[in-house]
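> One structure follows; several queries about it will come next.
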Amino acid sequence: MSTVLILGGGTGGVVTANVLSKTLDKKTHKIKLIDRNKNHVFYSSFPLLMINKRKPQHLTRELERLNKKGIEFMQSEVKKIDVKQDEVETSKGKIKYDYLIISLGAEHHPETVYGFAEGAYNIYSFTDLIKLSGQLEQLQKGKIVLFISSLPFICPSAPYEMIFLLDAYLRQRGVRKNIELTVVTPETSPEPLAGPKVGESVRRMLKQRDIKLITEAKVLSLDTTQKQLILDHGIHVDGDLFLGIPPQWGPNVLRDTGLVEAGGWIKVDPHTLQTGNERVFAVGDATALRLPVMGILAPKAGIFAHYQAEVVARNLALLSQGKKPKHRYAAKGL
Ligand SMILES: Cc1cc2nc3c(=O)[nH]c(=O)nc-3n(C[C@H](O)[C@H](O)[C@H](O)COP(=O)(O)OP(=O)(O)OC[C@H]3O[C@@H](n4cnc5c(N)ncnc54)[C@H](O)[C@@H]3O)c2cc1C
């Protein structure tokens, strides 16, 4: 009996598990999935949760439901990955594997921006968004500042989707005229990876809706006493309500694996998603996939994680039948 071990029950992990459960022979293969959380969380609906168009329970599914498909779910913390010993250490013990798929996403670090944790809502956090949605329901006036702490950050369109939805929501509530909206970003223009046309049209849409935009901003800290976001060059942005996207990097647990490059993202073959170890694959936000032309990190989004997971799972199914892997990731979704 061989074991396929999947780390992470987010988009990449769950898609990998689902495809494998349909394609692998369960008499000869065990599929195990580990996540620290009990629930899968659907981040794509965070913007709707923020404006009270979704309830928290609409965004989560118990990972234990995977057991019904013959996938063994284990809720525990991944502590160490030893690719030389084919072994993963978890808070519930060590697990040996024959094939490993890493889909641990990105780590979020609000604590690295002074004042963030005390003074801003983390709009990439499920619990913060639930609290924020309650406050927005009551909000009558003031200045809202949505800021991106640093690059790269996952789902580059999300902050713009969120500010446009917020604008529409506040108009619907009839309070938009009393509320100023500002976006602060380190990007040169909105969504630079989508090209100059997209950047121009997002700028135009922001302007039409009277949403201020500050680009090429380096966020230094949040002064909770003065209620100011502090940028470099002595620029201060006043606000009553701060919504932040925290700095993000590859999961700490990957640091000593020998699989990662600078920034902590996993080096993978761009077509097979294989790491430096032939029986270890990585998908989703944790990977260091790059754009072929510019060589910079490709945008990180669930749609890419999904297609990468399909490629890995389908190739593993072929390998398990003694066949040659034939599926290749061609940046579908970009
Ligand atoms: C606000 C917002 C809106 C978005 N909207 C979209 C959208 O519209 N379309 C789109 O395509 N993408 C969207 N995305 C991006 C998308 O959600 C991510 O790209 C996708 O979830 C990445 O999947 P993943 O499997 O790589 O990582 P994740 O989904 O983050 O899953 C990683 C999992 O690993 C677990 N984990 C991490 N470390 C450990 C550990 N040490 N031990 C145990 N478990 C661990 C985590 O608990 C988590 O469940 C959005 C993201 C956000 C934040």
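We did not get these values from a lab; they are worked out from the coordinates using the rules stated. Note that the structure is a prediction, hence the values are computed from the model and not measured. In this analysis, Cβ positions are derived from the backbone assuming ideal geometry, glycine residues included, and neighbour counts consider all displayed protein chains.
> Less than 18 Å from a label point 7 Å out along the Cα-to-Cβ axis of GLU77: which backbone N atoms in region 1-26 qualify, by residue?
7-9
> Quick one: check the C-alpha center-to-center distance for region 83-119 versus region 25-79, whole angstrom.
Cα centres, region 83-119 to region 25-79: 16 Å.
> Can you work out ³J(HN,Hα) from phi for every residue in region 274-280, in order, using Karplus 6.51 cos²θ - 1.76 cosθ + 1.60 and θ = phi - 60°, giving whole Hz and x for Gly and Pro?
Each residue's phi maps through the Karplus curve to give 7, 8, x, 9, 5, 9, 10 Hz.
> Suppose every K and R has +1 on its Cβ and every D and E has -1 on its Cβ; what is the size of the dipole of region 111-246 about the Cα centre, in Debye to the nearest 20?
600
> How about region 296-334: which trypsin sites (Lys or Arg not before Pro) there are in a DSSP loop, with at most 16 other Cβ atoms within 10 Å of their Cβ? Can you show the working numbers first?
Details: sites: LYS300, ARG314, LYS323, LYS326, ARG328, LYS332; in loops: LYS300, LYS323, LYS326, ARG328, LYS332.
The qualifying sites are LYS323, LYS326, ARG328, LYS332.
> About the Cα centre of region 153-219, how large is the charge dipole given +1 on each Lys and Arg Cβ and -1 on each Asp and Glu Cβ? Please answer in debye to the nearest 20.
Values: 11 positive and 8 negative charges, 67 e Å.
With only Lys, Arg, Asp and Glu charged at Cβ, the dipole is about 320 debye.
> Now for a different question. Please give me, ordered by residue number, the trypsin sites (Lys or Arg not before Pro) of region 1-94 that lie in loop per DSSP and have at most 10 other Cβ atoms within 10 Å.
When the trypsin sites (Lys or Arg not before Pro) of region 1-94 are filtered for loop state and at most 10 Cβ neighbours within 10 Å, LYS27, LYS84 remain.
> Provide the percentage of antiparallel DSSP beta bridges, counting only those with both residues in the chain; round to the nearest 5. Intermediate results must be reported in sequence, preceding the final value.
Working: 23 of 61 bridges.
DSSP beta bridges in the chain are roughly 40 percent antiparallel.
> So which trypsin sites (Lys or Arg not before Pro) in region 146-178 end up in coil per DSSP with only 10 or fewer other C-beta atoms within 10 Å?
For trypsin sites (Lys or Arg not before Pro) across region 146-178 that sit outside H, G, I, E and B with at most 10 neighbouring Cβ atoms in 10 Å, the list is empty.
> Sort out for me the Cα centre separation of region 293-334 from region 147-196, rounded to whole Å.
What the calculation gives is 30 Å, centre to centre.
> I need the phi-derived Karplus couplings for region 16-21: 6.51 cos²θ - 1.76 cosθ + 1.60, θ = phi - 60°, integer Hz, Gly and Pro marked x.
Values per residue, Gly and Pro as x: 4, 4, 4, 5, 4, 5 Hz.
> Could I ask something else about it? At most 15 other C-beta atoms within 10 Å and a DSSP loop state: those are the exposed GluC sites (Glu not before Pro) I care about. Give me the longest piece of the chain that has none.
78-215
> Right, another one. Please express the Cα-Cα pair-distance distribution P(r) of the chain as a list of whole percents, one per 10 Å bin, running from 0 to the bin with the greatest distance.
Answer for the chain: a P(r) of 5, 24, 31, 22, 13, 4, 0 percent.
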